[in-house]
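**Student:** Okay, handing you the structure first.
The values are calculated or read from the model by the stated rules, or taken from the named source; none is laboratory data. Keep in mind the model is a prediction, meaning the values are calculated, not measured. Cβ coordinates were reconstructed from backbone atoms using ideal geometry, including for glycine residues, and neighbour counts include every protein chain displayed.
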Amino acid sequence: MPGDWPEGFVARVSSLVPDGVRITWGEHPPSDGFHILVTGRPTKMQVESSPVLRWLFIPWPGLPRATAEIMKGFPQVQVHNIHHNAGAVAELAIGLLVAAARKVLPADLALRKGNWAFRYRRDDAILIEGNRAVIVGYGEVGTRIASILRSMGARVDAVRRTQERREELRGVVVHPAASLKALIPGASFVMLSCPLTPDTAGMIGEEELALMSERTILVNVGRAELVEEKALFNALMTRKIRCAALDVWYRYPVTSADRTRTLPSIDPFWDLDNVIMSPHLGAASGVPALMRKQAEQLAILISAAAQGSEVPWRVDLSLGY
C-alpha cells in the first residue's frame, strides 16, 4: 500500500484480513515482491517492481484514465475497485436536487436579509413527488438514488450501458443507453451518476440540453466531463434549463496552495443564480464511518484474493469501469 494513509487505517485493514497476509505500506515495497498493489494511481515502475503481482486494488470507485492506460500493458494483473461511498454520493445527489427544486439557497440568502418573498412564490417550486426523473448510470450510486426518489413519489427511468432491453426492476424502468434522448423530454430531473469513459464523455451536449425544458433540473455527481462545459453554461445562462446542481467540475486544484484560488471552470458559472456549486463533496472523504467502510471493503478484496475466492468488483479496462 504505497503512499500516506490516515493513522490507524492500515492497522484496521490488517485486522480484518486472514492470518498470513502481510501488508506493507510507504514508498519502499518489499524486496521479495508483492501479490497485491493498493493504489488508485500506480506508476509503471510500481507495477513492474513485482514479478508476482496479480491484483491492483483501487481504494475508491472509478478508474483514472492514466491508470487504465498503464494497466492495459499488464493483462496478467486484475484491476478491482471498491464502492464504499456510494451511499454518501447518492445522499448528496438528493440533497442537491431538493435544494434546486425548492430554491433553498436563494431563499436562505433572502431570509438572512429579512426578505420572506420566497415563501409566497409557491408556484416557483418543483415537487419531486409526481414528477419524473431520468437517472443516467444505474450502478452502485444510481440504484440508491432511484430508491430514494421512488420513496419520495417520483417516477423513475434509468439508463445503463449493459442494459439490452427495457425492463422494470423494483419499480424503476431501466433502458439501454441508446434510449437516453427519447427519455429526456418531459423529465423534470436528469441525474448523472455514471463513470467517465470514452463512450460517456460529452454525452450531454447541445442536442441533449435542447431536449430539456425550462423546468428541467440537471444534477451531476458523476464527472464534469459527462456534460459539455460550454453547452451547459450557455443553456443555464439563457435559462433553457431551470437549474444545474453540480458536485463535479472541469478544473481542480493541483497543489494545496491552489485550494483557495482555483475557479472550477473557464466559464463563470458562479455568476449565474440558477447553479448550485458544490466542491466535490459527494465522496465524503475523511468521514470516520466511511473510512471504516473503506477499510472493510479493501479487506474483502484482500481476503478473497488470499483465500483463492472470486475477487469482487472487477474493473473492465476496455469499458473504463
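**Student:** In the range 272-292, what residues are among the polar types (S, T, N, Q) and assigned to a strand (DSSP E or B)? Walk me through how you get there before you give the answer.
**Tutor:** The initial filter retains those residues of the range 272-292 that are among the polar types (S, T, N, Q), namely 274, 278, 285.
Across the range 272-292, there are no qualifying residues.
**Student:** Right, next: Which one of A295, A284, A235 is hydrophobic (A, V, I, L, M, F, W, C), on the phi > 0 side of the Ramachandran plot and in contact with a helix residue (DSSP H, G or I) (Cβ under 6 Å, 6 or more places away or on another chain)?
**Tutor:** Answer to the selection: A284.
**Student:** Give me the residue from the range 161-190 that is basic (K, R) and touching a helix residue (DSSP H, G or I) at 6+ places or on another chain (Cβ under 7 Å) and, out of that set, surrounded by the fewest Cβ atoms within 10 Å (Cβ to Cβ).
**Tutor:** Residues of the range 161-190 that are basic (K, R), as a first pass: 161, 165-166, 170, 181.
In the following step, the residues that additionally are touching a helix residue (DSSP H, G or I) at 6+ places or on another chain (Cβ under 7 Å) were identified as 161, 181.
Numbers: R161: 18, K181: 10.
Going through the qualifying residues, I end up with K181.
**Student:** OK, next. Of the residues in the range 133-153, how many are buried (at least 21 other Cβ atoms within 10 Å of the Cβ), out of contact with any Asp or Glu (no Cβ under 8 Å at 6 or more places or on another chain) and either acidic (D, E) or not in a helix (DSSP H, G or I) (or both)?
**Tutor:** So the count comes out to 3.
**Student:** Residues in the range 18-29: is at least one among the small types (G, A, S), over 29 Å from the mean Cα position of the chain (by Cα) and assigned to a loop (DSSP other than H, G, I, E, B)?
**Tutor:** Looking through the range 18-29, at least one residue is among the small types (G, A, S), over 29 Å from the mean Cα position of the chain (by Cα) and assigned to a loop (DSSP other than H, G, I, E, B).
**Student:** Let me ask something else. Could you figure out which of (1) touching a Cys at 6+ places or on another chain (Cβ under 8 Å); (2) over 30 Å from N274 (Cβ atoms) isn't true of V136?
**Tutor:** (2)
**Student:** Right, another one. Within the range 239-246, is there a residue that is surrounded by fewer than 22 Cβ atoms within 10 Å (Cβ to Cβ), of a type in the set (A, V, I, L, M, F, W, C), in the same structural domain as A133 (by TED's automatic domain parsing) and at negative phi?
**Tutor:** yes
**Student:** So if I check each of S50, S15, which one is in the same structural domain as R65 (by TED's automatic domain parsing), farther than 12 Å from A299 by Cα and polar (S, T, N, Q)?
**Tutor:** Only one candidate passes the filter, namely S50.
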